[in-house]
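Please treat every number below as a calculation from the coordinates, not as lab data. Note that this is a predicted model, so its numbers are computed, not measured. So basically every Cβ, Gly included, is an ideal-geometry build from the backbone, and we count neighbours across all protein chains shown.
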Amino acid sequence: MNDELFMRRALELAAKGRGQVSPNPMVGAVIVKNGEVVGEGYHTYAGLHHAEIIALQQAAASAKEATCYVTLEPCCHYGRTPPCSKALINAGISRVVVAMSDPNPMVAGRGIEELRTAGIQTHVGVLRKEAEKLNEIFIKYITSKRPFIHLKSAITLDGKIATRRGHSRWITSEASRYRSQLLRAEYDAIAVGSGTVLADDPELTLRIAADRHRPLHRVILDRRLRTPVNARLFRNSAPVSIFACELHAASYHGKTRLKETVEALTERGAKVIFCPQEDYLRSVLDRLSEMQITSLIVEGGSEINWQFITHSYVDKLTLFVAPLTVGGTSAPSFIGGQGFDTLSQALRFKIESVSQLDTDICIVAYPTT
C-alpha cells in the first residue's frame, strides 16, 4: 500500500482549513480499504467535527478493517468534541498511519498509545516534515506560548520601504499586493507601529474574500498612544488592540488628557492595553497569546521591524522586492534601529523560495537559529 500517496492526499485536505481552524491545527484524514478511498475529511473550526470523524462518517461500515491516514496524531481528550482515538477504535479501523505526533501536552503521544493498546497497528512519521511545515503556526504557538511571527515587507532593490518624503504607495505590483492579501487571510492578526498609522493611515483589512470564523485582528504597537481617534482603522468593526506604555503615554499626553484619550479610543471600538516598558514586546506577545492569537503578520516600519529582529521573535520572513531604486540616506530601510555592530550578531536566514510575481520577486526565508 502506498502510504505516502494517501498521506499526501490527507495533507491536501488539511490545507483546505488554512485560515479557518485557529487556534486549532489543520488536520486531514483519508480512510482506505483494499486500495480504495472510502472516506475523507478535514477540520474547519466552524464545522466542529474533526477530520477523522468526518472521514469515518463518509466511510460508514467500510471503515471496519480499513486504514486511516491522518496528518496529526488523533486527539485522546475531550474538548469541544469527543476523542478521535476512541472513534477510530470503535469504528474497527485496523491500521492508522500518522504524519506527526501532536505537540499539545494534552495529547503528546497518548493518542498513539491508546490506538496501539487497542491492538491497532500504528505507524508514525510518514511525510513528517511536510506535516510540520503545514502546521508551523500551531506548533510554535503550542510549544512556545507565543504567536508565530511572520515579518513581511515590500522593498525596493536598494532595500527602502519608502522615499525620503515617506512616499510608499505603491512600491510593488498589483500581483504582489494580491499575494500579500492572501497571506493576511492565513493569519489571526496583523501588527503595525503607530508611525505607520500616522504616516499611511491604513485600514489593515482583508480586501479579498476569505473563509474565517473570526475577523482579522488589528494590533497597533503604540507606546505613547498616538493613534488618532479618526484613523481609518475604526471604519469597520474588526477588532483593534492598541498596546501602550503608561509612562510613555502619560509623558506624551499628560495624565488628564491620557484618560480622555483612552476613553475616546475605547468609544471608537479599540481595546487599549498597557504593557510595561521593560520587555514591552514580550508582554504584547504574551497578551496576544492569552487572547488565542496564534499568528501575527507584521507589516510595520523600519523601527518595528528592528524590534522584532533584535529580539529574535521573527519565525518567517517574506520580502516583495520591486525593480526600482529610490536612494537617499534618509529614506527608511526595511530594518532600522541602531543596527548590529558585527556580522556575527546578525540574524541569519535560510531562503526557502524565490518566485516572480509580475515585475517583482518574492523571497520567503526562515531564521537559521
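Worth a mention:
- For the stretch 67-207, a simple Cβ point-charge model (Lys and Arg +1, Asp and Glu -1, everything else neutral) yields a dipole of about 220 debye relative to the Cα centre.
- Each of the peptides 108-121, 346-359 was scored by the mean count of other Cβ atoms within 10 Å over its residues; in descending order, highest first, they stand as 108-121, 346-359.
- Normalised by the number of residues in the chain, the mean separation of alpha-carbon contacts (under 8 Å, six or more apart) gives a relative contact order of 16 percent.
- Note on residue 174/residue 213: beta-carbon distance plugged into 1/(1 + (r/R0)^6) with R0 of 25 Å gives a FRET efficiency of 0.30.
- For residue 86, a cut-off of 20 angstrom between C-alpha atoms picks up these aspartates and glutamates, skipping any fewer than 8 places away in its own chain: 40, 52, 65, 73, 102, 113, 114.
- Percent antiparallel among DSSP beta bridges (both partners in the chain, rounded to 5): 40 percent
- Rounded tilt (10° steps) of 280-290 against the dominant C-alpha axis of the chain: 40 degrees
- Set 33/140; 145/271; 33/129; 129/160 screened for pairs whose C-alpha atoms are more than 28 Å apart: 33/140; 129/160
- Inter-label distance, residue 356 to residue 264: 5.0 nm, where each label sits 7 Å from its Cα along the C-beta direction.
- Separation of alpha-carbon centers, the stretch 105-155 and the stretch 49-63, rounded to whole Å: 21 Å
- Cβ-based net charge around residue 364, under 14 Å, with every Lys or Arg adding one and every Asp or Glu removing one: 0
- Acute angle (nearest 10 degrees) that the helix 174-186 long axis makes with the longest principal axis of the chain, alpha-carbon atoms: 60 degrees
- Calculated Rg and Dmax of the Cα atoms in Å (choose from (1) 23.2, 74; (2) 21.8, 91; (3) 30.6, 106), label: (1)
- Remark: the residue 64-residue 16 segment gains 14.6 nm on full extension, using 0.36 nm per residue and subtracting the alpha carbon distance.
- Ordering of 138-146, 360-368 by burial proxy (mean other Cβ atoms within 10 Å per residue, highest first): 138-146, 360-368
- The DSSP beta bridges internal to the stretch 5-153 are antiparallel in roughly 55% of cases.
- Linear extension gain, residue 117 paired with residue 364, 0.36 nm per residue minus alpha-carbon span: 84.7 nm
- The stretch 1-57 shape via C-alpha gyration tensor axes, a/c threshold 1.5: oblate
- Relative contact order %, the stretch 140-222, counting alpha carbon pairs below 8 Å whose residues are six or more apart: 25 percent
- Cut-off 19 Å, label 7 Å out along Cα→Cβ of residue 229, residues of the stretch 240-260 by amide N: 240-244, 249-260
- Contact order normalised by residue count of the stretch 217-369, Cα under 8 Å, 6+ apart, percent: 17 percent
- Using the Karplus relation 6.51 cos²θ - 1.76 cosθ + 1.60 with θ = phi - 60°, the per-residue 3J(HN,Hα) values for the stretch 6-11 come to 6, 5, 4, 5, 5, 5 Hz, with x marking Gly and Pro.
- Total formal charge among the other residues, if their Cβ is under 15 angstrom from that of residue 60, Lys/Arg +1 and Asp/Glu -1: -2
- Counting Lys and Arg as +1 and Asp and Glu as -1 over every other residue whose Cβ lies under 13 Å from the Cβ of residue 291, the net charge comes to +3.
- Mean Cβ neighbour count within 10 Å, used as a protection proxy, ranking 242-254, 13-25 highest first: 13-25, 242-254
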